[in-house]
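Asker: I have a structure here, written as C-alpha cells, and I will follow up with some questions on it.
The values are calculated or read from the model by the stated rules, or taken from the named source; none is laboratory data. Bear in mind that the values here come from a model prediction, so they are computed numbers and not experimental data. Methodologically, a virtual Cβ is constructed for each residue, glycine included, from the backbone with ideal geometry; neighbour enumeration extends over all protein chains shown. Note: areas computed on protein heavy atoms with side chains; ligands, DNA, RNA excluded. Shrake-Rupley method; radii C 1.70, N 1.55, O 1.52, S 1.80 Å.
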Amino acid sequence: ADLAMYRVKRSGGNQVLHFEAQMGEPGERQQLERDLRGACERGEMRLHYQGRHDLRGRQLAGFEALVRWEHPTRGLVPPCQFIPLAEDSRAILNIGEWVLREACAQAAAWDFERRGLCMSVNVSPLQFELPDFVQTVSGVLKRSGLNPRHLILEVTESLVMHDLERAQRHMRDLKALGVQIAIDDFGTGYSSLSVLQALPFDQLKIDRSFTNALTGPRAPRVTALMTAMIQLAQTLDMTVTVEGIETEEQRRILTGLGCDHAQGFLLSRPLPPAQAAALIPDATPAPS
Ligand code: C2E
Ligand code: MG
Ligand code: MG
Ligand code: MG
C-alpha cells in the first residue's frame, strides 16, 4: 500500500511526464530496465560533481554528487532516464548506498574538512523510508573517515510528506550525528510551506525553474517570489542555494537579492572527479 501511494504521488508531480518525454518507445524502457539489473554491482555507476559556489565571491563551498550510468553501449545515461526505473525495481537502494559511499570517500580524499567544503548527496524516498537508513549513513561516514558536518543530504518534499513522523525521527537522528539536511527543488511541490513548518532543514535549494523565469515575461512576479523565498530561508536560519544559474544577468539579480550560494552552468558544470578536483583551491590530484 505504501508503494502504491508513493506512485500516485509521484505521478501527480512532473516526474512521470518528464520520464515519458525522455524515454521514447515503451520497448526501450523495458530494455533499459533489463540492462539496469545488476548495473551497480557490475561497476557501471559513475559520479559527477557540480560545484556549489558562494555567489558574491564565486568561491567553492562544496560539490553536489550527481549519478550517471555508464551503459555498455549507450554511453553515459543521465539520472532522469534511469532513477525512475531504479525506484520501480528498488535497485535505487543499492545505487543510493553506492553513491553515498563513493561521495563520502571522495570528500575524505579531497580533504573537505581542512578545506571547509561540503559534499551534497541526493537521497531517494525509498532510501529514506528504510528503518535503518540513519545507521547506514552513520556506518558509511565512519568507514570513510569524513566528518559528518561535511555531508549534506538532499531530500525532496514528496519524500518527507509521505511519512512525516518517520521523516522527523530520521532528521532528528541525522542531525544528532552532525549531518546537514537540505530541501531540494524547493517551490515545485504541493506542500513546500508545511514541510518547512514540520522539519528543521539546514539548507534550502530553490528550484531552477524560478531562476529560468527571472528574466522572462513573468519577471516581476518571479523576482517577488524569489525575494520572499530567500527571506523566508534566512528568517528560518537556513542557507539558501539557488539552482540553475546560467547567465551573468541571473547572477547579478540574485546577488542583489542577497542569495548566499548558487549552482549552475555559469559557475561550473557537473564534472568527472579529475576535472572537479581542479576547481578545489590548491587541489591535490583526484584518486581515479
Ligand atoms: P537535482 O538534485 O536538483 O540536481 C540538479 C540538476 O540540475 C542536475 O541534473 C544538474 O546537472 C542540473 N543543473 C545544474 N546546473 C544547471 C544549469 O545551470 N542549467 C541546467 N539546465 N541544469 C543544471 P542531473 O545531474 O541530470 O540530475 C537530475 C536529478 O536526478 C537531480 O536533480 C536529482 O533529483 C536526481 N539525482 C541525481 N543524482 C542522484 C542520486 O545519486 N540519487 C538520487 N536519488 N537522485 C539523483
Ligand atoms: Mg540535488
Ligand atoms: Mg534540485
Ligand atoms: Mg532539480
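Asker: Amide H of MET238 versus every other amide H placed in the peptide plane: which residues, excluding those fewer than 5 positions away on the same chain, fall under 5 Å?
Answerer: Correct list: empty.
Asker: What are the extents of the Cα atoms of the chain along their three principal axes, listed from largest to smallest and rounded to whole Å?
Answerer: For the chain, the Cα extents along the three principal axes come out at 49, 44, 39 Å.
Asker: Out of all Cα-Cα pairs in segment 141-252, roughly what percent, to the nearest whole number, are more than 22 Å apart?
Answerer: 38 percent
Asker: At a 1.4 Å probe radius, which order do CYS259, CYS80 fall into by accessible area, largest first?
Answerer: From most accessible down to least: CYS80, CYS259.
Asker: Using DSSP, restrict attention to beta bridges with both residues in the chain and report what percent are antiparallel, rounded to the nearest 5.
Answerer: Beta bridges within the chain, antiparallel portion: roughly 45 percent.
Asker: Over what distance in Å are the Cα centres of segment 175-228 and segment 60-117 separated?
Answerer: So the two Cα centres are separated by 22 Å.
Asker: Sort segment 65-143 into rounded, prolate or oblate with this rule: let a ≥ b ≥ c be the square roots of the eigenvalues of the Cα gyration tensor; rounded if a/c is under 1.5, and if a/c is not under 1.5, prolate when a/b is larger than b/c, oblate otherwise.
Answerer: Working: a/c = 2.51, a/b = 1.32, b/c = 1.90.
Oblate is the answer for segment 65-143, as a/c is 1.5 or above yet b/c matches or exceeds a/b.
Asker: Counting DSSP beta bridges with both partners in segment 15-149, what percentage is antiparallel, nearest 5?
Answerer: The antiparallel fraction comes to roughly 75 percent.
Asker: Amide H to amide H, which residues 5 or more places from SER268 or on other chains are under 5 Å from it, using H placed in the peptide plane?
Answerer: Amide H to amide H, under 5 Å and 5 or more residues apart or across chains, SER268 pairs with nothing.
Asker: What ranking, highest mean first, results for peptides 231-239, 154-162 when packing means the other Cβ atoms within 10 Å averaged over each residue?
Answerer: Ranking the peptides 231-239, 154-162 by packing returns 154-162, 231-239.
Asker: Would you please report the Å³ per residue occupied by the convex hull of the alpha carbon atoms in segment 209-288? Intermediate values should be presented prior to the final figure.
Answerer: Working: hull volume 9.0 nm³, N = 80.
Roughly 113 Å³ of hull volume per residue.
Asker: Running a GNM on the chain with Cα contacts under 10 Å, which residue among ASP185, ASP260, ASP35 ends up with the highest mean-square fluctuation?
Answerer: ASP35
Asker: With springs connecting C-alpha atoms under 10 Å apart, model the chain as a Gaussian network and identify which of GLY244, GLY256, GLY27 has the largest mean-square fluctuation.
Answerer: Between GLY244, GLY256, GLY27, it is GLY27 that shows the largest mean-square fluctuation.
Asker: Projected onto the charge dipole of the chain (+1 at Lys/Arg Cβ, -1 at Asp/Glu Cβ, origin at the Cα centre), which of GLY178, ASN212, ALA61 gives the Cα projection farthest towards the positive end?
Answerer: ALA61
Asker: Report the Cα-based extents of segment 108-148 along its three principal axes, largest first, to the nearest Å.
Answerer: Per principal axis, max minus min of the Cα coordinates gives 33, 18, 12 Å.
Asker: Sticking with this structure for a sec: Given the options PRO26, PRO131, PRO273, which has the most mean-square fluctuation in a GNM of the chain, springs set between C-alpha atoms less than 10 angstrom apart?
Answerer: Of the options given, PRO26 has the highest mean-square fluctuation.
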